[in-house]
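The values are calculated or read from the model by the stated rules, or taken from the named source; none is laboratory data. Note that the structure is predicted; figures quoted are calculated from it, not measured. Cβ coordinates were reconstructed from backbone atoms using ideal geometry, including for glycine residues, and neighbour counts include every protein chain displayed.
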Amino acid sequence: MVVYFQQTVSKLFLLSDPMFLSKIPQACGMRLQRLDQILNYLEISPSQKQHDGFTQTVDHTGIVIQPCPLEAGMFSVAEWLYDIKINIWTESDNEKVQVRLGSKTNNFEINLVKLENGGLIFITDANYFNGLLRCKNYQKGCLVRMKSKKQLEKHNAKCKTLHEVS
Ligand SMILES: [Zn+2]
């Protein structure tokens, strides 16, 4: 096993996964990455459906699904199996952009942040979305959200819809 190091002001962490070398949003406190970890955390019931690509077993820890559909990038399959809606976000200092819109038919939302290195991590804190301002072109498909009004004004000034560009 490879071990990575991360130093903060007061602590040195030993990390088993290079994912943790990326900056992780505070809202992802539980650091859940695997679909089964997330389902168990949310106390979602095992799926009654079958999919050839994934094997679900249930043990004392809850659901175990192999391989992990999130790692495999099979988001639609995961949504179908567990009646969930998987949204994916990217985050930089000033903006959060939704890069995947989850299933329109399922209401139970699972929000993930895509880290700089491509890893996905579950947003445990619902406050993550508080006070985010939407782009004026939201209805036309721009999914950018900003923390401050000033930043949003800057974005709005240069945001063009496909219609305006062509
Ligand atoms: Zn925009």
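Key figures for this structure:
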item	result
Of all residues in the stretch 58-101 being hydroxyl-bearing (S, T, Y) and at pLDDT 95 or above, the one that is surrounded by the fewest Cβ atoms within 10 Å (Cβ to Cβ)	S76
Yes/no for G119 being small (G, A, S), surrounded by 17 or more Cβ atoms within 10 Å (Cβ to Cβ), assigned by TED's automatic domain parsing to the domain that holds Y41 and in contact (Cβ under 8 Å) with a residue 40 or more places away in the chain	yes
Hey, N130 touching a helix residue (DSSP H, G or I) at 6+ places or on another chain (Cβ under 8 Å) and of a type in the set (S, T, N, Q) or not	no
Given (1) more than 11 Å from the ligand (Cβ to nearest atom); (2) touching a residue at least 60 places away in the same chain (Cβ under 8 Å); (3) not hydrophobic (A, V, I, L, M, F, W, C), number of the condition E95 does not satisfy	(1)
Any hit, the stretch 128-141, residues being more than 14 Å from A27 (Cβ to Cβ) and touching a Cys at 6+ places or on another chain (Cβ under 6 Å)	yes
Test set (1) closer than 30 Å to Q48 by Cβ; (2) among the charged types (D, E, K, R); (3) over 13 Å from the mean Cα position of the chain (by Cα) - K136 fails condition number	(1)
K158 vs. criteria within 16 Å of the ligand (Cβ to nearest atom) and buried (at least 16 other Cβ atoms within 10 Å of the Cβ)	no
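One line per residue, one yes/no per condition, for (1) in the same structural domain as S45 (by TED's automatic domain parsing); (2) within 16 Å of the ligand (Cβ to nearest atom); (3) closer than 21 Å to E43 by Cβ; (4) surrounded by 15 or more Cβ atoms within 10 Å (Cβ to Cβ):
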{"site": "N106", "(1), (2), (3), (4)": "yes, no, yes, yes"}
{"site": "C135", "(1), (2), (3), (4)": "no, yes, no, yes"}
{"site": "L143", "(1), (2), (3), (4)": "no, yes, no, yes"}
{"site": "M146", "(1), (2), (3), (4)": "no, yes, no, yes"}
{"site": "K149", "(1), (2), (3), (4)": "no, yes, no, no"}
